[in-house]
Structures are given as structure tokens and as C-alpha cells.
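Trainee: A single structure is presented below for examination.
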């Protein structure tokens with residue numbers, strides 16, 4: 001799929017190293033294969049609207065950035081709930097498809113499913129090709 | 001990733017000014033509260049350069065070095081957190 005992952009927290013790079021070696025490597029053989037970025041001052045998190053001044057950490061935000069450096073999707077969660085990677089992957093596939101084809105993807109779209117081609121002929125006729133059961 | 005000396009401290013990561021309507025310097029960015037660089041969908045992702053640990057090495061990561069690729073940038077509250 002060709003998506004580069006970058007992870008960032010306010011921890012030091014030394015903390016990142018120990019976490020990778022002491023814990024992550026036990027979850028993923030060899031450790032996670034992407035950079036762990038140190039945002040020690042929270043300056044990067046502030047620019048992305050995810051730095052929490054009270055606790056001094058970057059809360060769970062993820063940003064899908066296209067090859068032109070434009071943000072196409074974002075999701076921000078408070079700390080106690082973890083993410084769903086399946087939906088992130090689906091979104092990345094959908095945005096890649098849109099970028100390559102110019103088509104648009106209706107709610108719940110998965111690779112291989114029908115897309116929509118916007119135009120005058122489609123107005124009022126989405127119901128013919130898209131049903132609510134396809135939303136999830 | 002460029003090689004970096006592993007000193008006791010490294011410069012903290014910083015947001016990089018991108019010109020245009022945004023402030024030309026980081027000081028200006030701080031003075032106006034950074035509000036002009038808040039991330040939004042359909043807008044350029046704020047560029048930054050920061051120290052990182054990657055595949056066993058220390059080095060700097062610059063977001064704009066990944067231009068031409070799809071990138072997922074994930075923030076998380078901290079190493080060793082439970083979720």
C-alpha cells in the first residue's frame with residue numbers, strides 16, 4: 001500500500017529506544033519498523049492541535065498526509081481508547097483510489113466495491129447503486 | 001536518515017515555517033499562538049524537524065523529506081502507556 005508511518009510523543013529518543021527494546025520488540029519481532037519521533041516541547045503537537053497543556057503530552061491523533069504534503073484525513077481520541085487500524089487502512093486505500101482515478105467512494109467503500117462518478121446524471125440517482133447496508 | 005551525534009541532549013523538535021501567509025519565523029509563530037499553522041484537512045500538513053529513534057539509530061526526521069509518499073503521522077501520549 002506504500003504508506004510511511006511516523007509516530008510521535010513527548011518522550012525523549014532515549015525513552016523511545018528503551019521502549020522499543022524492552023516492550024515493542026516483544027509485540028513485533030525486531031520492533032516497530034518506523035521512526036519514533038521526540039516532540040519534547042510539544043511544539044509539533046501544538047501545530048497539529050493534539051498537545052494537551054494540562055498533562056504535557058500529545059494525545060492520540062493521527063493524520064493521513066498525501067504525497068503533496070496535504071492532510072486528507074485526521075482522527076483525534078482522548079487517551080483511554082485505542083485506535084482501529086482497519087479503518088485507517090480503509091481510508092488510506094480510499095484516498096489513494098480517489099487520487100488515482102478521480103472517482104469518489106461512497107460510505108463504507110472497500111477496495112473492489114463500486115465507486116461513484118459525480119456528474120449531472122448521478123443527481124437523485126445514488127439510491128440506485130448505493131444501499132444503506134453498504135455503509136459498514 | 002542523517003547520522004546524528006548521540007549527545008546527552010538534542011535540540012527539541014520544531015515546526016518549520018513554510019512561507020506564504022504563514023509567519024516567516026518560529027518566533028512570529030509563537031507570538032500569534034501558532035494559530036495559523038493548525039492542522040486542517042485539505043490544507044498542508046505543518047512541516048517539522050525533530051530527533052527520532054529509527055531502526056536502532058538516532059537521527060533527525062523532517063516531514064517534508066517524505067514528500068511524494070503517503071504518510072500516516074500518529075501522536076500518542078507516551079512510551080509505556082497501556083492502551
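The values are calculated or read from the model by the stated rules, or taken from the named source; none is laboratory data. Treat the numbers as computed from the prediction; the structure is a model and nothing was measured. In this analysis, Cβ positions are derived from the backbone assuming ideal geometry, glycine residues included, and neighbour counts consider all displayed protein chains.
Trainee: Restricting to segment B:14-50, count the residues that are within 8 Å of chain A (Cβ to nearest Cβ), at pLDDT 85 or above and closer than 23 Å to residue A:72 by Cβ.
Mentor: 12
Trainee: Condition test on residue A:77, is it in contact (Cβ under 8 Å) with a residue 24 or more places away in the chain and within 30 Å of residue B:78 (Cα to Cα)? Steps first, answer last, please.
Mentor: Working: in contact (Cβ under 8 Å) with a residue 24 or more places away in the chain: no; within 30 Å of residue B:78 (Cα to Cα): yes.
It is false that residue A:77 is in contact (Cβ under 8 Å) with a residue 24 or more places away in the chain and within 30 Å of residue B:78 (Cα to Cα).
Trainee: Need the failing condition index for residue A:51 against (1) more than 7 Å from chain B (Cβ to nearest Cβ); (2) modelled with pLDDT of 95 or more; (3) surrounded by fewer than 19 Cβ atoms within 10 Å (Cβ to Cβ), just the number.
Mentor: (3)
Trainee: A further question follows. Would you be able to say whether some residue in segment A:54-73 is within 20 Å of residue A:13 (Cβ to Cβ), in contact with a helix residue (DSSP H, G or I) (Cβ under 9 Å, 6 or more places away or on another chain) and buried (at least 21 other Cβ atoms within 10 Å of the Cβ)?
Mentor: Taking every residue of segment A:54-73 in turn, at least one turns out to be within 20 Å of residue A:13 (Cβ to Cβ), in contact with a helix residue (DSSP H, G or I) (Cβ under 9 Å, 6 or more places away or on another chain) and buried (at least 21 other Cβ atoms within 10 Å of the Cβ).
Trainee: Select from segment A:11-42 the residues that are more than 7 Å from chain B (Cβ to nearest Cβ) and in contact with a helix residue (DSSP H, G or I) (Cβ under 8 Å, 6 or more places away or on another chain) and list them in ascending order.
Mentor: Those that are more than 7 Å from chain B (Cβ to nearest Cβ) and in contact with a helix residue (DSSP H, G or I) (Cβ under 8 Å, 6 or more places away or on another chain): A:31, A:32.
Trainee: So residue A:85 clears everything in (1) surrounded by 17 or more Cβ atoms within 10 Å (Cβ to Cβ); (2) over 13 Å from residue A:2 (Cα atoms) except one condition, right? Which one?
Mentor: Result: residue A:85 fails condition (1) only.
Trainee: Among B:80, B:58, B:53, which is the only one that is assigned to a loop (DSSP other than H, G, I, E, B), modelled with pLDDT of 80 or more and farther than 15 Å from residue A:48 by Cβ?
Mentor: From the options B:80, B:58, B:53, the qualifying one is B:80.
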